[in-house]
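One structure is given here, and the rest of the page talks about it.
The values are calculated or read from the model by the stated rules, or taken from the named source; none is laboratory data. Since the structure is predicted, the reported quantities are computational estimates derived from the model, not experimental observations. Here the Cβ positions follow ideal geometry from the backbone for every residue, glycine too, while neighbour counts run over all protein chains shown. Surface accessibility is based on the protein's heavy atoms, side chains included, excluding ligands, DNA and RNA. Shrake-Rupley method; radii C 1.70, N 1.55, O 1.52, S 1.80 Å.
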Amino acid sequence: MINITEKNKCTGCHACAAVCPKSCIDMRRDSEGFLYPVVNTDECINCNKCERVCPILTGRTENTDSQQLGYAAYSKDEEMRLKSSSGGIFSEIAEVIIDRGGVVFGAAMAEDQRSVHHIAVDDKEGLEILRGSKYLQSTVGDTYKQAKEYLENGRYVLFTGTPCQIGGLYAYLGKDHDRLYTQDLICHGAPSPLVWEKYVEYREKKASDGSSPKVMTRRTFFRVKPWKRFSVRFEFSNLTEYLADLRSDPFMRGFLSDIYLRPSCYDCKYKTVHRQADITLADFWGIQNVYPDMDDDNGISFVWVHSDKGRELFDEIRGHLVTRECDTGIVTSKYNPAAVRSSSLPGKRKLFFDNMDKTDVADNIRICTAVPFIRRLYRKLRSVAGKCYRAVFKR
Ligand SMILES: Cc1cc2nc3c(=O)[nH]c(=O)nc-3n(C[C@H](O)[C@H](O)[C@H](O)COP(=O)(O)OP(=O)(O)OC[C@H]3O[C@@H](n4cnc5c(N)ncnc54)[C@H](O)[C@@H]3O)c2cc1C
Ligand code: SF4
Ligand code: SF4
Ligand code: SF4
């Protein structure tokens, strides 16, 4: 039976819980806020299906037959594009599946804005809550089982999520299905849902400013455009708003400083060009160098196609997009290395979680992401030296 002894070897994909014939695996939250499988040994019949399905234990995290076609692209539907995190490609693909009478699975923020769960949607209006990146780990729940049922009933299914969630789905299904399409992401890592929960409470307290009744968060957005600012917006029940970009928002700073990612994200087995998904979507970082004329800061996607099914979907949406072919090798090695390289484990991660219950969440992030004076000075000197060198030798 599954027994997690090293947390970095479990992505929380839910495949083991979904496959268990006795339903005796609980996905339980640890003190950092991440879910791990826990077996009820009284009910376990030692069939070992949970171990045999686990993509990490079996090493099934790649598809070495994958194709490598790449495009810079964005949707011509400007409204849809502005509501999306990069170029709005997810929505275009999802609409194709809905038009075929199919079902789309993806990550949705809960109504109280405190957690993210995978859900199924089968109409275009419903796609609204799947749209946009939510930078915390989404709970897969029993969506693998739901997807299997839809497929067995002859429906088209598009399953979207992080590479480990797509890996978990294929492991659970055990085979491909003609009507199954999958889309993953270039994934920086999944932040702790508990840290996000604390951050929402922190923002609500700030928005309340001592008044009553308590202010609640109505909606949250992680990537308000302009695209390169990584701005976060909260809308509150007292009709006030909070808007801050990467430089000033503590949660985004902590996320991109890798302080509270899931342990498996620092040694991610899905960092590869040999993707299992039919299509990978990402931000097209470096677009200002590759196709400067496309870079209007409203969001450009890198669309990375890996299979015939992926190509078929991309061809179907192509008329709705502005698109150009690109070299996938340059994008994944130079401009978006998160495709193939895990985030580094920061020295202060332990301190952050040790202090979580003692220190205000925003202060804790500030303390753990502060760059020491000596390093700031070194960076400044290096940048000045670089400018002098370019001025003298490259005139
Ligand atoms: C946790 C996370 C880390 C990411 N890291 C990177 C990165 O390092 N580099 C990069 O280039 N791009 C990264 N992305 C992807 C990027 O932010 C865009 O989501 C992607 O480019 C698709 O944009 P879009 O405009 O086509 O669609 P959008 O509408 O913006 O994206 C919606 C899609 O994202 C999925 N999604 C949203 N939140 C989650 C979640 N919490 N878990 C699983 N799936 C989710 C939805 O199911 C849907 O498939 C990351 C996304 C997430 C969620
Ligand atoms: S060994 Fe079988 S019954 Fe026991 S937890 Fe694993 S899948 Fe369930
Ligand atoms: S990686 Fe997935 S299948 Fe493996 S133990 Fe963790 S949750 Fe279960
Ligand atoms: S970095 Fe890897 S383990 Fe972490 S969420 Fe992304 S795909 Fe999963």
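Here are some notes:
- Residue match in region 199-209 (condition: closer than 30 Å to Thr240 by Cβ, within 16 Å of ligand 1 (Cβ to nearest atom) and part of a helix (DSSP H, G or I)): yes
- Residue list for region 69-93, filter: touching a His at 6+ places or on another chain (Cβ under 7 Å) and loosely packed, with under 15 Cβ neighbours inside 10 Å: Lys76
- The residues of region 286-331 that are outside any helix (DSSP H, G or I), among the charged types (D, E, K, R) and out of contact with any Lys or Arg (no Cβ under 8 Å at 6 or more places or on another chain), listed by number, are Asp295, Asp296, Arg324, Glu325, Asp327.
- Of residues in region 181-194 being in a strand (DSSP E or B) and away from ligand 4 (no atom under 11 Å from the Cβ), the one farthest from the chain's Cα centre (by Cα): Tyr181
- Exactly one residue out of Glu149, Glu128, Glu204, Glu197 is closer than 29 Å to Pro346 by Cα and either surrounded by fewer than 18 Cβ atoms within 10 Å (Cβ to Cβ) or within 13 Å of ligand 4 (Cβ to nearest atom) (or both), and it is Glu197.
- Of all residues in region 161-180, exactly one satisfies the criterion of being open to solvent by 10 Å² or more (accessible area, probe 1.4 Å), away from ligand 3 (no atom under 16 Å from the Cβ) and either within 16 Å of Ile93 (Cβ to Cβ) or in a helix (DSSP H, G or I) (or both), namely Arg179.
- Failed condition for His117, given (1) within 16 Å of ligand 3 (Cβ to nearest atom); (2) over 21 Å from Glu312 (Cα atoms); (3) open to solvent by less than 50 Å² (accessible area, probe 1.4 Å); (4) part of a strand (DSSP E or B): (3)
- Lys7 being within 16 Å of ligand 2 (Cβ to nearest atom) and surrounded by fewer than 18 Cβ atoms within 10 Å (Cβ to Cβ): no
- A residue that is of a type in the set (Phe, Trp, Tyr) and within 16 Å of ligand 3 (Cβ to nearest atom) occurs nowhere in region 342-357.
- One residue alone among Gln137, Gln146 is out of contact with any helix residue (DSSP H, G or I) (no Cβ under 6 Å at 6 or more places or on another chain) and either part of a strand (DSSP E or B) or among the polar types (S, T, N, Q) (or both), and that residue is Gln146.
- Qualifying residue in region 315-325 (condition: under 23 Å from Arg349 (Cβ atoms), away from ligand 2 (no atom under 16 Å from the Cβ), free of Cβ contacts under 8 Å to residues at least 40 places away in the same chain and out of contact with any strand residue (DSSP E or B) (no Cβ under 8 Å at 6 or more places or on another chain)): no
- Test: residue in region 240-252 that is in contact (Cβ under 8 Å) with a residue 24 or more places away in the chain and within 16 Å of ligand 1 (Cβ to nearest atom): yes
- Filtering region 264-285 to residues that are open to solvent by less than 20 Å² (accessible area, probe 1.4 Å) and either over 19 Å from Thr11 (Cβ atoms) or not in a loop (DSSP other than H, G, I, E, B) (or both) leaves Ser264, Cys265, Asp278, Ile279, Thr280, Leu281, Ala282, Phe284.
- Qualifying positions in region 103-119 - farther than 10 Å from Thr143 by Cα and touching a residue at least 12 places away in the same chain (Cβ under 8 Å): Val103, Val104, Ala107, Ala108, Met109, Asp112, Gln113, Arg114, Ser115, Val116
- Going through (1) out of contact with any helix residue (DSSP H, G or I) (no Cβ under 7 Å at 6 or more places or on another chain); (2) open to solvent by 70 Å² or more (accessible area, probe 1.4 Å) one by one, Ala17 falls short only on (2).
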